[in-house]
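Since the structure comes first, as structure tokens, the remarks are kept for the end.
The values are calculated or read from the model by the stated rules, or taken from the named source; none is laboratory data. Just so you know, these numbers come straight off a predicted model, no measurement behind them. Counting neighbours? That spans all protein chains shown, and the Cβs are built from the backbone with ideal geometry, glycine included. The area values use the complete protein model at the heavy-atom level, side chains included, leaving out ligands, DNA and RNA. Shrake-Rupley method; radii C 1.70, N 1.55, O 1.52, S 1.80 Å.
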Amino acid sequence: MDRRELFSSLASSKEQKQESLIRPPYYKEIDSFLKGCTTCNKECATSCEENIIVIKEDGTPTIDFSKGGCTYCDDCAKSCPNEVLSVEYKRVIDVKVEIDILKCMSWHNTMCFSCKDPCLDDAIKFLGMFRPSIDEKLCTSCGFCLNVCPSDAIKIINKRS
């Protein structure tokens, strides 16, 4: 790899990280969200009962699923003084949750229901006692299954590009 390729790969890596930010599911459009979220006292983060909202350097909130999942309790939206986050705009978190079958213990004949147990929506289905899959029609992308997987087999893919 030459020097130019190295720096190009580092720049694209930074762009991918920027795109992979997961935002609270209560905003109307991303542009008004990015503008309006930089001028408040970040009540959304302090009001989150699961403590998964983290304020980034640019002053905007993002969801950190390594701390837990979203209960869709509406507290972050209700506490937003600028009404950038609003219960009126409530929707499913804009990510897709997938199981990496190469990492998943159940896909390798080890009984493990770590992802199924915390799933509030019963979106993780097993074929018998093995081979879990996520029912996209039931999954709300709450994230409760992510940090409980002992083999890091569950991943999220940001739907926004």
Tally the residues that are assigned to a loop (DSSP other than H, G, I, E, B) and of a type in the set (D, E, K, R), restricting the search to the range 25-81. 10
Which is farther than 23 Å from Cys44 by Cβ and either open to solvent by less than 40 Å² (accessible area, probe 1.4 Å) or among the hydroxyl-bearing types (Ser, Thr, Tyr) (or both), of Ile101, Ile93, Ile154? Ile154
Have a look at Thr62, Thr38, Thr46 and point out the one that is of a type outside the set (Asp, Glu) and closer than 16 Å to Ser20 by Cβ. Thr62
Could you pull out the residue among Asp64, Asp74 that is in contact with a helix residue (DSSP H, G or I) (Cβ under 7 Å, 6 or more places away or on another chain) and modelled with pLDDT of 90 or more? Asp74
